[in-house]
Structure formats: C-alpha cells, structure tokens
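Below is one structure, written out as structure tokens; the observations come after it.
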Amino acid sequence: MADQQARTDGDKRPTEIPVIRWEEPPEGPVLMLLDQTRLPAEEVELVCTDAPALVEAIRTLAVRGAPLLGIAGAYGVALAAARGFDVAEAARALEGARPTAVNLSVGVRRAEAAHQAALAQTGDATEAAAAALAAAQSLHREDAEGSDRMAAHGLAFLDELLPGGGHRILTHCNTGSLVSGGKGTAFAVAFAAHREGRLRRLWVDETRPLLQGARLTAYEAARSGMAYTLLTDNAAGSLFAAGEVDAVLIGADRIAADGSVANKVGSYPLAVLARYHHVPFIVVAPVTTVDPGTPDGASIEVEQRPGFEVTEVTAPQVPVTGAGGGIPVAPLGTQAYNPAFDVTPPELVTAIVTEEGAVSPVTAEALAELCARSRQVTIS
C-alpha cells in the first residue's frame, strides 16, 4: 500500500534531496520515496508499506533511474522480509517491474542473497530481515560514494579531451541526485564542472514523451545554481550545427558486454549527431550497470511503454480527459510507438566512465577488465 505526504512551504528540502529513505514508525517499517511524477510542481512523498506498492511506484516512474532502482529494489526485499511477506515472490515481482534496467535486478538479488544466507545460518526471520536491510543500506552508501568518484573521473576525462574548461555539455533525460544515492551519474560530472567553474552551459534535452529533462534535470540544475538552457529534443541537431556543444553526457540503464548502451530513448540519435560533428559522446554509469550476461545490444530487452504517454500530455492541476489520465493531443484511437530506451552501439561511444575509471575506446575486452578490477576491489 502507498500513501502520499505533501511537504508545506515551510518545510523546504535541502539541495541534497532525500529521494529514498527507510523509516520505522510504530506501525511498522516503510519505504519513503519522493514522487518524481509530481515534480517540479510539488514535492510529494510516497509511503510504501509493501513490495506491490513499490512495484507500482517503479512502473509509474514515481521512482526511476538505474542506480536508484537498484537501491529501491534492495529496500523492497528488506521491506517484504521485515513485514513478513514472501521474500522470493516479492523479489521476482520487483525484478520484473522494469526489464531493461539491470541495476534493479542487481539490487534485488543482493538483498535477497543476504536474506537467504542469514536465514540459512540462523533460522531466525528477524535476523534475516535485518541482513536484507543491511545489504540495502550498504548498497545505498556505496552508490553515494561511487557517484563522487564517477564525477571526479568524468571531469578529469572531460578536461583531458577539452583543456581550458568552459564546457558546454548536452545531456538527455535525468541523471542527477534524483536517480542516485549521491549526486548522480552524468549530471554529477556536469555539477562537478560547475562547482570548479568549468561549466559554461548545460544544454538540457526536454526528453519526450515524459519530459524528464524539462521536469527533473532543469529542476536539479536550477536548485544547483547552474547555467542551463532547455531545448526540445528535435532542436539538438541545430545546436550541434551551430557549434554550441562540446560534449554529450548521458547515463545508462544497461551496458552490454560489447559496450552497447541502452539509455532513455533519444540517446542514440544524439550519438549519431555527435559522431558526425566530432563531439565526444560520453556515458557515465556505475559498474553495476555493465551486464556481462548480455552479450550485445541486440540482446537487450527494451521496455515498451503505454501508448498514452505519447498520445496524451500531463500537467499538474489541469483537468484531464484522456484514458491515461492526461490531455489528448492525438486523435482518439491513434497507435503510438513508445520504447522507453534505445541502444547505442559501442563504436559511437567515446568513453564509458564508471566509479572505477574510464574506458576509452570502448571494447568488450576493456569492459571485462574493468569489471574484473571492480570485483577485486569489492573483495578486498
């Protein structure tokens, strides 16, 4: 079950927005989520008391973004365990909520493994639930720390490619603190450049059809005091042609073993434009987004979203008449093609930046070496 809690004007959030947190009120543990579908008009929290509520929050994009989905998935397993529900059933439901985002299954499996190990060792359900929660909290901390390292590696790589600063960065979708336990992925690099006085302009793609760029990235850029400009997705080409883009920075929802990158639909056209205009196209993502079990881009399952996200638009506090809860912008009965992601081949990717460093050029061998190095660091 999920409830919503709105914050009053006198209860302002700090710049570090708590997008997800675990609470233990007297009536039982809950997972608190900042409802991202309500931004930027209002800041409203969802209170999830069970895994089905979290699954619905994931599917409706109230909580979203690859790293945060991993954290949410782990907390969802802990929530099911603490509430006495079937942990395996909850884990499978959470894993299937968004099939392209590999971090979701990584987080779910990590918390589930901790729960199973503790249950096998102690036979105590309470201790097993505590172990699942500890795994989720550990993942949360690691993501925050990894975000800082990604930002440092990404800025160093940018400065190497484009010495002198004054970067004009184009980004797509939303990759800031709203998708992470820390400052984010691609946005974290741009924010690091801003903090060091080396960001001249952040170009923000609106990111149709759900406007994550306009609603969320612009929201984060404004709160951070960054110089930013919003553009329609189809204006990107003219921006490149005018020589106004120094680099493209995006996140990723799944990176195949060969370096193919699945990210928010609209990323692939930017990669093509970047290659034609000789502009670096840089992917910033944690190592957990690299999926060695997916050999190439053709093997990535691309989530198909409901057609009404394209045939309708939603706006806060506006009367709605469409079947999906929005304002119709297409004739009744119009069919829509609405993939959530597209896949960029590795030859169009200048670099993949992770918390363990940058891979450039992007090859299967270099990615495998990076993942092996990351495992060694984790073990040690």
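The values are calculated or read from the model by the stated rules, or taken from the named source; none is laboratory data. Note that the coordinates shown come from a computational prediction; the quantities given were computed from them, not determined experimentally. With ideal geometry, Cβ positions are generated from the backbone for all residues, glycine too; neighbour counts draw on all protein chains shown. Side chains are part of the model used for accessible areas, which takes the heavy atoms of the whole protein and leaves out ligands, DNA and RNA. Shrake-Rupley method; radii C 1.70, N 1.55, O 1.52, S 1.80 Å.
Of the peptides 18-25, 195-202, the ranking by mean beta-carbon count within 10 Å, highest at the top, reads 195-202, 18-25.
If you run the Gaussian network model on the chain, springs between alpha carbon atoms under 10 Å, then out of SER138, SER238, SER267 the most flexible one is SER238. Where does the range 77-229 land on Rg/Rh, using Cα atoms and the Kirkwood Rh? Computed over Cα atoms, the ratio is 1.11. Applying 1/(1 + (r/R0)^6) with R0 = 25 Å to the Cβ-Cβ distance of ALA120 and GLU23, what FRET efficiency is obtained, to the nearest 0.05? Approximately 0.30, to the nearest 0.05. Peptide packing: for 326-336, 340-350, the average count of neighbouring Cβ atoms within 10 Å per residue gives the ranking 340-350, 326-336, highest mean first.
Ordering VAL248, TYR219, VAL265 by the projection of their Cα atoms onto the charge dipole of the range 191-284, which places +1 on the Cβ of Lys and Arg and -1 on the Cβ of Asp and Glu, puts TYR219 at the extreme positive end. For the chain, the membrane-span-like helices by this rule, meaning whole DSSP H stretches whose C-alpha atoms cover at least 20 Å of axis and whose Kyte-Doolittle mean is -1.0 or above, are 66-83, 102-122, 125-161, 364-379; this says nothing about an actual membrane. Relative contact order, whole percent, for the chain stands at 14, derived from Cα pairs under 8 Å and 6 or more residues apart.
Relative to the current alpha-carbon distance between ALA298 and ASP148, full extension at 0.36 nm per residue lengthens the span by 50.8 nm. Within the shell defined by Cβ-Cβ distances under 12 Å, the residues around ILE255 carry a net charge of -3, with Lys and Arg each +1 and Asp and Glu each -1.
Using only the Cα atoms of the range 20-143, build the gyration tensor, take square roots of its eigenvalues as a ≥ b ≥ c, and label the shape rounded, prolate or oblate: rounded if a/c is under 1.5, else prolate if a/b is larger than b/c, else oblate. It is prolate, given that a/c is not under 1.5 and a/b is the larger ratio.
Summing +1 for each Lys or Arg and -1 for each Asp or Glu among the other residues whose beta-carbon sits under 14 angstrom from that of ALA227 gives +2. By the helix-only formula, in which each DSSP H run with n ≥ 4 contributes -39500 (n - 2.57) and the sum is divided by residues, the chain has a 222 nm mean residue ellipticity of -12000 deg cm²/dmol.
For the pair ARG92 and GLU42, a Förster radius of 35 Å applied to the C-beta separation gives a FRET efficiency near 0.55, rounded to the nearest 0.05. Split the accessible area of the chain by element, probe 1.4 Å, and carbon with sulfur accounts for 54%.
Scalar couplings 3J(HN,Hα) for the range 245-251, obtained by applying the Karplus form with A = 6.51, B = -1.76, C = 1.60 to θ = phi - 60°, are 10, 8, 7, 10, 10, 10, x Hz; x denotes Gly and Pro. With R₀ fixed at 22 Å, the C-beta to C-beta distance from ASP159 to ARG373 puts the FRET efficiency at about 0.45.
Computed about the Cα centre, the dipole magnitude for the range 147-378 is approximately 640 debye when only Lys and Arg (+1) and Asp and Glu (-1) carry charge, each at its Cβ. Look at (i) 81, 56, 46; (ii) 62, 49, 41; (iii) 63, 55, 43: the one that is Cα extents along the principal axes in Å derived from this structure is (iii). Annotation: per residue accessible area for the chain equals 42 Å², rounded to a whole number [probe 1.4 Å, protein chains only]. Under a Gaussian network description of the chain, with springs only between Cα atoms under 10 Å, the residue in GLY154, GLY76, GLY96 that fluctuates furthest is GLY96. Summary of packing: across the peptides 57-65, 101-109, 249-257, the per-residue average of other C-beta atoms within 10 Å ranks them, highest first, as 249-257, 101-109, 57-65. Amide H contacts under 5 Å for LEU230: VAL204, restricted to partners 5 or more places along the chain or on a different chain, H placed in the peptide plane at 1.01 Å from N.
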